[in-house]
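Chemist: Got a structure for you, written out below as structure tokens; questions coming shortly.
The values are calculated or read from the model by the stated rules, or taken from the named source; none is laboratory data. Values in this document were obtained by computation on a predicted structure and should not be read as measured data. Glycine also receives a Cβ, built like all others from the backbone with ideal geometry; neighbour counts cover every protein chain displayed.
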There are 2 protein chains.
Amino acid sequence: MSDTRENIMDLAEELIRTKGYNAFSYGDIAGVLKIRNAAIHYYFPSKADLGVSVVDREIGKIADSRDEWRALPGNVQLRKVVEQFYNSHRRGWICLNGSLTPDFLTLPDPMQQKVRQLCEAILDWMAEALEKGRKDGTLAFEGEVESRALLVISSLLSSLLLARVLGKGVFTRMLDQLLKDIEISTK
Amino acid sequence: MSDTRENIMDLAEELIRTKGYNAFSYGDIAGVLKIRNAAIHYYFPSKADLGVSVVDREIGKIADSRDEWRALPGNVQLRKVVEQFYNSHRRGWICLNGSLTPDFLTLPDPMQQKVRQLCEAILDWMAEALEKGRKDGTLAFEGEVESRALLVISSLLSSLLLARVLGKGVFTRMLDQLLKDIEISTK
DNA sequence: TTGTTTACTTACTAATAAGTAAGTAATTTT
DNA sequence: AAAATTACTTACTTATTAGTAAGTAAACAA
């Protein structure tokens, strides 16, 4: 069984999340995997096909995590998400939305739709976690869950962007403060 | 007196803030201004020169606004900044940092330094406004001003990104909630 | 009036991009 | 054993890109 297809997607995701969709080429991938550009076209006829597949896979991963963690308390779910972003941060990767939404107007139509879907999936997930946390008494915040989810996701997205530019302390300082703002102290 | 130079910069800024640094070309600018590509190279020998000039001009504008509004109450300063982002939002533009930080690793070195400078300038400004607001009793928030400035700026940056993907309501909902969180009600 | 600078244009190069068509060796199916 | 499919490669086209060199018309300076 060939895993070339997945190797291509892994590398495409890395490139999107480090350099951006418009800044990577089939040549970048081919060079690392030691295959020819045309081999990538064999699996992904157009760059848009590759981009859509990468985003789609991410949407699937989100659905999986969401199912897996559904039973956990709200604040634990929140911390799991924060932890995932922290792992990205350590690798110097930004999140897919942080990379693709700035380029939104330059993306081919099928990618625009997938990116929109990805945004909605993440926000929906976060809203559910926040709602659960509010009900189970592990989180506290004012206003509607949807607005709060937008603010939390926006902090996570931006923290990766700003941390890469301004240095290491930024991610921790932002997320520490964010958690203090909405998490109920257990001390 | 020729204003070609400024026309080029205006257009470059628009293109960076709508399509991104890596997705616009000298041809895009030349086409609109009805000049030749080489005319742009006359003013800005390399694309990096153009990019640096655009970011540098923005840093100057921030310094100007900061001086102009220094005497205002903290919450009014904050609202002025929010208003500027709202104007961007109405035009469908994202902010320079929202456009350039995702592409950070692909930017030529002089641009990376300017982008870093721009981030620092905005954060510094926001921190000063928040500090003033806390002292003059118009704003209230927990934790350090620097952490709060990071969270506020991150919300502004992301609101433009997400609003363009998810639709109009997003900007207002995010910023309304953000202001409710830290502004002291005068009712 | 002559020389120089300003603000460009024309014409070009070299590099890189996505994408295609035809071929091929190995594996799998019939 | 023959046929078909899989997983590619070689070789190519077309388009776009940043950047350069040389020329030019008009304004300005000496």
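Chemist: Counting just the residues of the range B:126-158 that are of a type in the set (S, T, Y) and out of contact with any Lys or Arg (no Cβ under 9 Å at 6 or more places or on another chain), which one comes out surrounded by the fewest Cβ atoms within 10 Å (Cβ to Cβ)?
Modeler: Filtering the range B:126-158 for residues that are of a type in the set (S, T, Y) and out of contact with any Lys or Arg (no Cβ under 9 Å at 6 or more places or on another chain), the one surrounded by the fewest Cβ atoms within 10 Å (Cβ to Cβ) comes out as B:S155.
Chemist: Something else: From A:D103, A:D124, A:D109, which residue is within 12 Å of chain B (Cβ to nearest Cβ) and within 16 Å of DNA strand C (Cβ to nearest atom)?
Modeler: A:D103
Chemist: Here is a follow-up. Suppose the filter is touching a helix residue (DSSP H, G or I) at 6+ places or on another chain (Cβ under 9 Å), away from chain B (no Cβ under 14 Å) and within 15 Å of DNA strand D (Cβ to nearest atom); does A:L72 pass it?
Modeler: no
Chemist: Inspect the range A:22-35 for any residue being among the hydroxyl-bearing types (S, T, Y), on the phi < 0 side of the Ramachandran plot and in contact (Cβ under 8 Å) with a residue 24 or more places away in the chain and give the result as yes or no.
Modeler: No: the range A:22-35 contains no residue that is among the hydroxyl-bearing types (S, T, Y), on the phi < 0 side of the Ramachandran plot and in contact (Cβ under 8 Å) with a residue 24 or more places away in the chain.
Chemist: Right, next: Within the range B:78-99, take every residue that is under 17 Å from B:A121 (Cβ atoms) and aliphatic (A, V, I, L, M) and give me the one that is surrounded by the most Cβ atoms within 10 Å (Cβ to Cβ).
Modeler: Filtering first and then ranking leaves B:L96.
Chemist: Continuing with the same structure: Quick check, is B:A63 aliphatic (A, V, I, L, M), loosely packed, with under 14 Cβ neighbours inside 10 Å and within 16 Å of DNA strand D (Cβ to nearest atom)?
Modeler: Considered against the rule, which asks whether it is aliphatic (A, V, I, L, M), loosely packed, with under 14 Cβ neighbours inside 10 Å and within 16 Å of DNA strand D (Cβ to nearest atom), B:A63 comes out as no.
Chemist: Between B:D28, B:D56, which is among the charged types (D, E, K, R), more than 14 Å from every other protein chain (Cβ to nearest Cβ) and either under 23 Å from A:T106 (Cα atoms) or more than 12 Å from DNA strand C (Cβ to nearest atom) (or both)?
Modeler: Going through B:D28, B:D56 in turn, the sole match is B:D56.
Chemist: Just give me the residues in the range B:1-53 being of a type in the set (D, E, K, R) and more than 9 Å from DNA strand D (Cβ to nearest atom), in sequence order.
Modeler: Those that are of a type in the set (D, E, K, R) and more than 9 Å from DNA strand D (Cβ to nearest atom): B:D3, B:R5, B:E6, B:D10, B:E13, B:E14, B:R17, B:K19, B:K34.
Chemist: Is at least one residue of the range A:137-147 part of a helix (DSSP H, G or I) and either among the polar types (S, T, N, Q) or within 15 Å of the chain's Cα centre (by Cα) (or both)? Reasoning before the result, please.
Modeler: Keep residues of the range A:137-147 that are part of a helix (DSSP H, G or I), which gives A:145-147.
Subsequent filtering for residues that are either among the polar types (S, T, N, Q) or within 15 Å of the chain's Cα centre (by Cα) (or both) retains A:147.
Yes, that holds for at least one residue.
Chemist: For the range A:1-25, give me the residue count where each residue is away from DNA strand C (no atom under 11 Å from the Cβ) and modelled with pLDDT of 95 or more.
Modeler: Of the residues in that region, 14 qualify.
Rundown of residues vs (1) touching a strand residue (DSSP E or B) at 6+ places or on another chain (Cβ under 7 Å); (2) not β-branched (V, I, T), yes/no style:
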{"position": "B:A30", "(1), (2)": "no, yes"}
{"position": "B:I40", "(1), (2)": "no, no"}
{"position": "B:S46", "(1), (2)": "no, yes"}
{"position": "B:L50", "(1), (2)": "no, yes"}
{"position": "B:S53", "(1), (2)": "no, yes"}
{"position": "B:G60", "(1), (2)": "no, yes"}
{"position": "B:G74", "(1), (2)": "yes, yes"}
{"position": "B:Q77", "(1), (2)": "no, yes"}
{"position": "B:H89", "(1), (2)": "no, yes"}
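Chemist: When A:K47 is evaluated against the numbered criteria (1) more than 24 Å from B:K19 (Cα to Cα); (2) within 16 Å of DNA strand C (Cβ to nearest atom), which criterion, by number, is the only one it fails?
Modeler: (1)
Chemist: Go through the range A:144-187 and count every residue that is at the interface with another protein chain (Cβ under 8 Å from one of its Cβ atoms), within 18 Å of B:L166 (Cβ to Cβ) and not β-branched (V, I, T).
Modeler: Within the range A:144-187, residues that are at the interface with another protein chain (Cβ under 8 Å from one of its Cβ atoms), within 18 Å of B:L166 (Cβ to Cβ) and not β-branched (V, I, T) number 10.
Chemist: Now, a different point. Would it be correct to say that A:D56 is within 16 Å of DNA strand D (Cβ to nearest atom) and surrounded by fewer than 17 Cβ atoms within 10 Å (Cβ to Cβ)? I'd like the intermediate steps shown before the answer.
Modeler: Details: within 16 Å of DNA strand D (Cβ to nearest atom): no; surrounded by fewer than 17 Cβ atoms within 10 Å (Cβ to Cβ): yes.
Spelling it out, it is not the case that A:D56 is within 16 Å of DNA strand D (Cβ to nearest atom) and surrounded by fewer than 17 Cβ atoms within 10 Å (Cβ to Cβ).
Chemist: Further question: Output the number of residues of the range A:1-19 satisfying the condition of being farther than 30 Å from B:P108 by Cα and either part of a helix (DSSP H, G or I) or touching a residue at least 40 places away in the same chain (Cβ under 8 Å) (or both). Before you say what the answer is, go through the steps one by one.
Modeler: Narrowing the range A:1-19 to residues farther than 30 Å from B:P108 by Cα: A:1-6.
Restricting the remaining residues to those that are either part of a helix (DSSP H, G or I) or touching a residue at least 40 places away in the same chain (Cβ under 8 Å) (or both) gives A:4-6.
Qualifying residue count for the region: 3.
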